[in-house]
Amino acid sequence: MRAAWYRQTGPASDVLETGSLPDDTAGPPGPGEVRVRIRASGINPADVKRRAGWGGLAMEHDCVVPHADGAGIVEAVGEDVSSSWQGQRVWMRNAQGGYGEAGRAFGTAAEYVSLPVAQVFALPEPLGFAQGACLGIPALTAYAAVFGDGPVTGNTVLVTGAAGAVGHFAAQFAHAGGARVIATVSSEEKAAHVRAVGVDDILFRHDEDIAARVMEMTGNDGVDRIVEVDFGANLGITRQIIRPHSVIAAYSSTAEPNPVLPYYDFAFRGATLRFIQGFLLTPRILEAAVAFIARLAGDGQLTVALARQLPLERIAEAHELVESGNAIGNVVLEIPN
């Protein structure tokens with residue numbers, strides 16, 4: 001089968017290879033598994049960080065086929081799996097596993113992958129394979145960040161970095177959930193990107209005093225919930241704009257991975273700090289998220305932003321584009337029949 005892989009961590013152009021691996025590399029579906037013919041492989045920041053060895057991440061296998069997310073068609077089912085899955089269009093999550101365990105060596109950057117059926121979901125008909133390959137980490141993380149503590153109807157939700165993959169979904173989900181959505185972006189191009197999905201107010205993080213503007217916009221009340229792309233970097237702002245009983249749902253802290261927490265700024269407001277890990281969703285959140293995504297997509301209300309669609313053989317270029325931060329939307333590898 002055609003695939004991409006790396007045998008050591010490092011720069012994309014140095015370590016990523018493409019070619020052929022034995023057809024049985026992905027393995028036939030075992031009990032409780034399905035074998036999927038991959039048509040599109042989504043690339044997330046977590047994937048490029050693993051490949052780069054970010055923060056000391058080490059190789060957990062001798063050879064790694066990267067990427068957690070993808071979409072395709074079920075070609076075979078294992079024991080104890082309903083035959084109704086056969087031939088279904090599906091999207092998937094967490095193909096590689098890991099994060100606290102060794103996980104799997106083989107992700108979605110290949111023609112085939114075998115996964116537990118619990119990690120595979122019917123792809124709503126309005127969405128193509130490229131869009132389906134963007135749902136795993138970004139959309140599920142966004143759902144948990146927005147709705148992990150209940151409905152947001154009537155709330156004010158701040159989405160930082162709203163032009164990013166998670167932020168773009170989070171802005172849509174909060175809007176669909178009846179919240180007022182304030183978004184931060186870094187350029188007019190990104191502002192147009194998020195304005196199109198129903199964001200109520202947009203702030204430019206490089207050009208405005210975000211804390212002062214948020215308080216002005218909310219009549220000095222502050223916000224009920226923050227979907228936070230960089231917890232440590234934005235902590236100085238967060239401490240100024242949270243309301244009593246607000247929730248900070250943080251899914252990354254890349255710029256400052258070891259922030260110092262001003263405890264009483266949060267304690268005096270009875271705030272909740274929730275760490276969101278898209279790989280470790282509870283069954284309740286996962287089930288609700290999948291149903292919500294399917295409903296929104298089925299109603300034609302889900303926008304999946306695609307920045308670039310590249311062939312598998314250009315995986316290094318695709319990784320570099322994700323790392324650059326310049327892509328407005330998701331980067332996907334196409335693996336046609």
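The table below gives the values:
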read-out	value
Exclusive hit being in contact with a Leu (Cβ under 8 Å, 6 or more places away or on another chain) and loosely packed, with under 13 Cβ neighbours inside 10 Å, set PRO283, PRO262, PRO244	PRO262
Scope the stretch 297-309; condition surrounded by fewer than 19 Cβ atoms within 10 Å (Cβ to Cβ), out of contact with any Gly (no Cβ under 9 Å at 6 or more places or on another chain) and on the phi < 0 side of the Ramachandran plot; matching residues	GLY298, ASP299, GLN301, THR303, GLN309
Search result, residues across the stretch 214-247 that are of a type outside the set (A, V, I, L, M, F, W, C) and either in the same structural domain as GLY325 (by TED's automatic domain parsing) or over 18 Å from ALA179 (Cβ atoms) (or both)	GLU216, ASN220, ASP230, GLY232, ASN234, GLY236, ARG239, GLN240
Matching residues, the stretch 312-329, being in contact with a strand residue (DSSP E or B) (Cβ under 6 Å, 6 or more places away or on another chain) and either surrounded by fewer than 19 Cβ atoms within 10 Å (Cβ to Cβ) or not small (Gly, Ala, Ser) (or both)	LEU312, GLU313, ILE315, LEU321, VAL322, ILE328, GLY329
Among the candidates GLY232, GLY219, GLY164, residue that is of a type in the set (Gly, Ala, Ser), more than 16 Å from PHE147 (Cβ to Cβ) and touching a Ser or Thr at 6+ places or on another chain (Cβ under 7 Å)	GLY232
Among the candidates PHE147, PHE169, residue that is in the same structural domain as ALA211 (by TED's automatic domain parsing) and under 11 Å from the mean Cα position of the chain (by Cα)	PHE169
Residue check, ASP209 at pLDDT 95 or above and charged (D, E, K, R)	yes
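The values are calculated or read from the model by the stated rules, or taken from the named source; none is laboratory data. Quick caveat: nothing in here was measured; it's all calculated off a predicted structure. Heads up, the Cβs are rebuilt from the backbone with ideal geometry, glycines too, and the neighbour counts pull from every protein chain shown.
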